[in-house]
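Colleague: The structure's right below; bear with me while I get my questions together.
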Amino acid sequence: MQEQSPSRTKIIIADPGVPVIRNVNWGGLRTLYIKEVRRFFKVQLQTIWAPAVTTLLFLVIFSVAMGGAGRTVLGVPFPDFVAPGLIAMAMLNNAFANSSFALLVGKIQGTVVDYLMPPLSTGELLAALVGGAVTRAFLVGFVLWGAMLLYPGVHVMPRHPGAVLWFGLFGSTFLALAGVMTSIWAEKFDHAAAITNFVIGPLTLLSGTFYSVEALTPLFRSISHLNPFFYIISGFRYGFLERADSPVLLGGAVILLVDIAMAIGCYALLRSGWKLKN
């Protein structure tokens, strides 16, 4: 029997007919990401412009109707204080809204298989879903920021762009991951709406967006420091005003650790197929 040369040795990696992608499937990841962006961009009046206008009304109410122009918080005029928080709040809410809708609508319509069957790893699927949500969050944030630049009496020029990007990116990622978890758990739109109304909404409003936690009693101040939204709002505001309610480095580390924990949890849920494949 003739001995086969090492160069011609056949190494079987997978069974015949089973596709194997050895590296990151960049083509599939890019396709799913573009699909997620196109999904919300087709209705941009509802997903980008409407949230921006609604949030801008908060600034109008607090700076005009309630006489906020004469007040100061942390040594700055109240409109300047509240404007960065409003931008961050809109970004967080829209990141959650986008990612909490993706898988849920597929489960309800019976098309979730379109997410599970393509040759994408769990990490690639999660990255595309989160990337689409973060993109929507930044688009809303840019629209709001541009409108506030034109708003009289409000100064929103970043003084520390690195802090703005850090807390904007990782804050939006945190809410995007929370939205993915919600869409996996929820079985109908009422479930997702309950999380929005009873969890995301209160935590956002009680994060120091409209006030400084230094004005609270020690008990409520301590409770505020347990809210991850507080660190996002405070750090994002620091990027514009150089003033914050908490140590910026501590807040940046907290939100990074929270994101890592959330990403691990989402990865485990997606990989197990819980409530997706059953």
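Any read-out appearing in this document is the output of simple, stated calculations on the displayed coordinates, not a laboratory observation. As the structure is a prediction and not an experimental result, all values here were calculated from the model. Cβ atoms come from the backbone with ideal geometry, glycine included; neighbour counts cover every protein chain shown.
Colleague: State, in angstrom, two size descriptors of the chain derived from its alpha carbons: Rg to one decimal place and Dmax to the nearest whole number.
Modeller: In Å, with Rg to one decimal and Dmax whole: 22.3, 96.
Colleague: What is the list of residues in the range 80-124 whose amide nitrogen lies under 18 Å from a point 7 angstrom out from the Cα of V43, following Cα to Cβ?
Modeller: 93-112
Colleague: Based on other C-beta atoms within 10 Å, arrange T217, T182, T72, T196 from fewest to most. Show your work: numbers first, answer last.
Modeller: Working: T217 8, T182 22, T72 11, T196 17.
Placing the least packed residue first, the sequence is T217, T72, T196, T182.
Colleague: Still on this model: Going by C-beta contacts inside 10 Å, put W274, W185 in order with the fewest on the left.
Modeller: Values: W274 12, W185 16.
If I rank by nearby Cβ atoms, fewest first, I get W274, W185.
Colleague: Quickly rank 79-86, 231-238 as a protection proxy: mean count of other C-beta atoms within 10 Å, highest first.
Modeller: On the way: 79-86: 23.9, 231-238: 28.8.
Put in order of decreasing packing, that is 231-238, 79-86.
Colleague: Viscosity 0.890 mPa s, temperature 25 °C: Stokes-Einstein D of the range 121-267 from its Kirkwood Cα radius, in µm² per second?
Modeller: Working: Rh = 16.4 Å.
It comes out at roughly 150 µm²/s.
Colleague: Less than 16 Å from a label point 7 Å out along the Cα-to-Cβ axis of A50: which backbone N atoms in the range 156-198 qualify, by residue?
Modeller: 193
Colleague: May I ask you to derive the FRET efficiency for L226 and V64 from their Cβ-Cβ distance with R0 = 35 Å, giving the value to the nearest 0.05?
Modeller: On the way: r = 34 Å, r/R0 = 0.96.
Efficiency computed from Cβ-Cβ geometry: 0.55.
Colleague: Here's a follow-up. Please find, in a Gaussian network model of the chain (springs between Cα atoms separated by less than 10 Å), the residue of L45, L120, L219 whose mean-square fluctuation is greatest.
Modeller: L219
Colleague: For the chain, calculate the relative contact order in percent as a whole number, restricting contacts to Cα pairs under 8 Å that are 6 or more residues apart. Before the final figure, lay out each step's value.
Modeller: Values: 358 pairs, mean separation 64.7, N = 278.
Relative contact order of the chain: 23 percent.
Colleague: Among the lysines, which fall within straight-line cross-link reach of K188, defined as a Cα-Cα distance under 30 Å, with same-chain neighbours fewer than 8 residues apart omitted?
Modeller: K35, K42, K107, K275, K277
Colleague: Can you tell me the order of 199-212, 124-137 when each peptide is scored by its average per-residue count of other Cβ atoms within 10 angstrom, highest first? Provide the component values of the computation, followed by the final result.
Modeller: Values: 199-212: 17.9, 124-137: 23.5.
Ranking, from highest mean packing down: 124-137, 199-212.
Colleague: Report relative contact order for the range 53-153 in percent, whole number only (criteria: Cα-Cα under 8 Å, sequence separation at least 6). Can you show the working numbers first?
Modeller: Numbers: 73 pairs, mean separation 33.2, N = 101.
Value for the range 53-153: 33 percent.
Colleague: Taking only Cα atoms and a 10 Å spring cutoff, compute GNM fluctuations for the chain and point out the largest among I48, I108, I87.
Modeller: Judging by the Gaussian network model, the answer is I108.
Colleague: Name the residue from L219, L177, G208 whose Cα lies farthest towards the positive end of the charge dipole of the chain, charges +1 on Cβ of Lys and Arg and -1 on Cβ of Asp and Glu.
Modeller: L177
Colleague: Then there's this: Test of understanding: ordering D245, D259 by Cβ neighbours within 10 Å, fewest first, what list do you get? Each step should come with its number before you reach the end.
Modeller: On the way: D245 24, D259 20.
Ranking D245, D259 by Cβ neighbours within 10 Å, fewest first, gives D259, D245.
Colleague: Another one. With +1 on each Lys and Arg Cβ and -1 on each Asp and Glu Cβ, and nothing else charged, work out how big the dipole of the chain is about its Cα centre, in Debye to the nearest 20. Provide the component values of the computation, followed by the final result.
Modeller: Working: 19 positive and 12 negative charges, 97 e Å.
Dipole size: approximately 460 debye.
Colleague: Say the dipole of the chain comes from +1 at the beta carbon of Lys and Arg and -1 at that of Asp and Glu; which of M262, I233, M117 then lies farthest toward its positive end?
Modeller: So the residue furthest toward the plus end is M117.
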